[in-house]
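The values are calculated or read from the model by the stated rules, or taken from the named source; none is laboratory data. Being a predicted model, the structure only gives us computed values, none of them experimental. We place every Cβ from the backbone using ideal geometry, glycine too, and count neighbours over all the protein chains shown. For the accessible areas, the whole protein counts, side chains as well, though only heavy atoms, and no ligand, DNA or RNA atoms are used. Shrake-Rupley method; radii C 1.70, N 1.55, O 1.52, S 1.80 Å.
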Amino acid sequence: MNFIKKNIFMLICCLVVLAGIGIFVPGYMKAGENAQARKKLETTLSSVPGARSAARGLNDQVYARFTENGNLANQDLKVVLEKAAQTSARPLICSDPREEVFPDLRSGNPIIYYRNFSNNYLKVVEDYLVQMNAADRPSEHEEEKVRLDYQKNIVGEKNTRSIAPGGGGMMDMGMDMGMGMAMPGRTRVAEDSPAQKLVNELRRQRSESITVYANKDCFAAYNYWETQPNLEKPIMLMDMWFTQLAAWIQQDVVNAVKLMNGESQRVADSPLKRLIEVSFNGAEVDSGKGGASSRRADTGVVAPRRAGSMNSLPDYVIGAQGAEADVSMAAGIMTYPWTKRVGDDLIDVVHLEIAAIIESTAVNDFINALQTGRLRPDQDPVQQSQITVLQMTLDPIDPEAEKNAGYYYGPGSLVTLRMICEYTLFKSGYSDIMPADVKALFEPVQAGGPGMMKR
């Protein structure tokens with residue numbers, strides 16, 4: 001014990017020396033391995049001409065390659081943004097270069113421009129029907145005329161009293177035409193009567209002369225613009241802008257219908273039989289008529305989902321942004337958008353509903369036609385569809401009710417297809433022509449908060 005106490009310092013020194021040797025020996029051995037590896041590398045570099053200089057410049061080459069790739073990526077981004085902007089630079093309803101598209105209506109006579117816009121939009125909708133080779137089933141007036149002409153030819157002028165359009169009385173005694181009680185607005189006729197057979201033939205001929213059933217009511221605000229009401233100037237400008245927005249969207253749907261039905265010349269050969277509506281859920285155009293329509297209401301016949309939808313203009317989808325944002329609270333949505341898209345600094349978003357009667361086997365083809373964008377192969381490829389289907393429902397139709405109402409679809413398994421869709425527009429493509437009053441809709445309600453539509 002005394003020995004340890006007397007020699008404690010020496011023992012500590014010995015332990016330190018031994019620890020140093022324990023560390024030094026492995027390190028020395030590792031240094032030897034590194035030296036051998038270095039020697040081997042030197043030999044390899046010496047055996048390959050130019051390898052030594054290439055190794056020295058490796059870092060410079062890698063940096064140059066990354067720089068080149070970054071420049072190429074920036075060029076691609078620029079091209080993509082330019083193409084995206086072109087998809088939203090669409091033809092205008094009023095495209096006369098001598099006129100401002102959406103002028104300052106505080107100067108001049110705004111009513112003149114308003115009526116010009118109105119007339120042009122009516123022509124646009126009428127052209128949609130021509131593009132699709134579409135028409136409606138025979139109207140009540142057409143059918144009543146067939147019955148009245150039959151009565152005049154067979155019975156004579158003196159017995160036309162109770163079958164006139166809107167007539168509500170019984171037919172004269174002695175007339176054996178198979179007709180029943182006349183109803184207000186439409187004469188009730190037995191299905192096997194000669195007059196009704198002529199009406200059925202009229203309906204059949206209509207289906208043979210068109211590719212798809214559709215009418216002007218399928219497209220937002222046609223009835224409203226047809227009346228040309230005298231509105232206040234700011235409302236007038238807003239209605240024109242949102243009608244222009246609707247027209248761009250409607251055109252893409254029309255193109256999809258054309259693509260679906262191809263070279264068909266009659267309804268029976270068309271996969272898509274009838275376009276019911278292309279509608280929106282925004283504010284109604286302020287006609288003061290509350291969305292009244294002249295559409296016939298036949299029991300059992302498929303009709304637009306929402307009353308007055310033909311007079312509703314689009315709304316922009318606006319709400320909080322970011323991964324944690326609750327898009328179900330966004331303004332302007334028609335269903336929960338699984339895409340999580342809302343308007344931002346790059347895009348504007350609109351929801352719409354499309355309803356059609358279609359063969360069940362053609363549903364996927366129609367969705368693809370809407371979404372793929374290959375709708376106008378003979379035109380500029382950047383003019384593509386910007387539609388995404390968010391929600392879809394399928395319901396069987398009542399064939400007998402549809403036929404009794406005047407629709408001749410032909411054979412096949414038919415369904416009513418309803419889709420709620422999302423439409424995107426790049427701000428850079430059309431922001432320059434957007435009126436200041438519309439841009440003001442996107443102003444935040446409060447600092448730091450999401451903008452909300454003030455329409």
Of the criteria (1) among the aliphatic types (A, V, I, L, M); (2) buried (at least 23 other Cβ atoms within 10 Å of the Cβ); (3) modelled with pLDDT under 90, which one Ala283 fails
(2)
Which count do you get for residues in the stretch 310-359 that are in a loop (DSSP other than H, G, I, E, B), in contact (Cβ under 8 Å) with a residue 60 or more places away in the chain, farther than 18 Å from Val253 by Cβ and not aliphatic (A, V, I, L, M)?
8
Enumerate the pairs (first residue in the stretch 406-418 and hydroxyl-bearing (Ser, Thr, Tyr); second residue anywhere and open to solvent by 20 Å² or more (accessible area, probe 1.4 Å)) with beta-carbon separation below 6 Å, excluding pairs fewer than 6 apart on the same chain, so at least 6 apart or on different chains.
Tyr408/Arg204; Ser413/Ser360; Thr416/Val302; Thr416/Asp395; Thr416/Ile397
